[in-house]
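Q: The structure follows.
Only the coordinates and a few stated rules stand behind these numbers; no lab work does. The model shown is predicted, which means the values in this text are computed figures rather than measured ones. Neighbour counts run over all protein chains shown; Cβ positions are idealised from the backbone, glycine included.
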Amino acid sequence: MKKIIIAGPCAAESKEQVLATLKEATLRRIDFVRLSLWKPRTKPGFDGLGDRGINLLLEAARTGINPATEVLLPDQAKKVIYTFFSAFENMRLLLWIGSRNQNHYIQREIARVVAIDKRVFLMVKNQPWESQEHWEGIINHVLEGGIDKNNLILCHRGFLPNGVNPHHYRNVPNFEMSMKMKEKFGLPIIFDPSHTGGNVVNVMKVARQAAEYDFDGMIIEVHPDPSNALTDAKQQLTWKQFDRLQKLR
């Protein structure tokens, strides 16, 4: 299958930032542009534009690029889907459940919302701690929501370090477990080098390592001005760095 490429900033921050992102994204082969509107945060701070940023997803569609955003709650998924497809009938939309969202009721309900429309894809990230059993449980909860497997994508973003971490990654990858999950469920799985690496050098390094495995694509954070990003500034690439990464893989 064709590799899935999702690229864009950690969070949508402003209309100006999104338009700059779209200008660069249209020059490249990208399936979905990452424009997260809701951001879970360890400490209080910028947690996304929320509802007022939904119109920025429409800006992406106007340029011909399918948008993608994390959703934390089923109501957020409903708002995005309704608003987006009220304006654009022939585009695709990607929503995802993030690593921190471990309430299985919410996981199932988001999947149930997404299942209503075949134009919507749902990506599910692994939990923060390393456990194949728990990761399998997340996927099974989502499947119980009724989503078609053709609209479901898995994502590996590493696990919290627990001892051995020679590369000093933000999260430690388990590539072998990822491949087991892909085989067990018969689902595509993509890799997130941004949340695994934690800084630009490590993002490049871990992406090269992942290229040795049968991942079906990647989701990567790319910002028009990483040094001034409101979230995860250290791990976001410039578009030139993104181009270099594509050549290295």
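Q: Taking the Cα centre of the chain as origin, sum charge times position over the Cβ atoms of Lys and Arg (+1) and Asp and Glu (-1), and report the length of that vector in debye to the nearest 20. Working shown, then result.
A: Numbers: 34 positive and 27 negative charges, 91 e Å.
Approximately 440 debye in magnitude.
Q: While we're looking at this one, here's another question. May I ask which residue of Asn162, Val203, Ile81 lies farthest towards the positive end of the charge dipole of the chain, with charges of +1 (Lys, Arg) and -1 (Asp, Glu) on Cβ and the Cα centre as origin?
A: The Cα lying farthest towards the positive end belongs to Val203.
Q: Amide H to amide H, which residues 5 or more places from Phe121 or on other chains are under 5 Å from it, using H placed in the peptide plane?
A: For Phe121, whose amide H was placed from the backbone, the distant partners under 5 Å are Leu93, Leu94, Leu95.
Q: Quick one: how many lysine pairs in region 90-249 have C-alpha atoms under 14 angstrom apart, if they're 8 or more apart or on different chains?
A: Values: Lys118/Lys149; Lys125/Lys182; Lys149/Lys182; Lys149/Lys184; Lys205/Lys247.
So the count works out to 5.
Q: Still on this structure, I have one more. Go through Tyr105, Ser227, Met179 and say which Cα lies farthest out towards the positive end of the charge dipole of the chain; charges sit on Cβ, +1 for Lys and Arg, -1 for Asp and Glu.
A: In the chain, that residue is Ser227.
Q: In a GNM of the chain with a 10 Å cut-off on Cα contacts, which of Ser86, Ser14, Ser227 has the highest mean-square fluctuation?
A: Ser86
Q: What residues qualify as long-range amide H neighbours of Val222, i.e. H under 5 Å apart, gap of 5 or more or another chain, H built at 1.01 Å from N?
A: Excluding prolines and chain starts, which carry no amide H, the hits are Gly8, Cys10, Leu237.
Q: Where a Cα-Cα gap under 17 Å defines reach, which aspartates and glutamates qualify for Lys15, not counting those fewer than 8 residues away within the same chain?
A: Glu24, Asp47, Asp51, Glu59, Asp225
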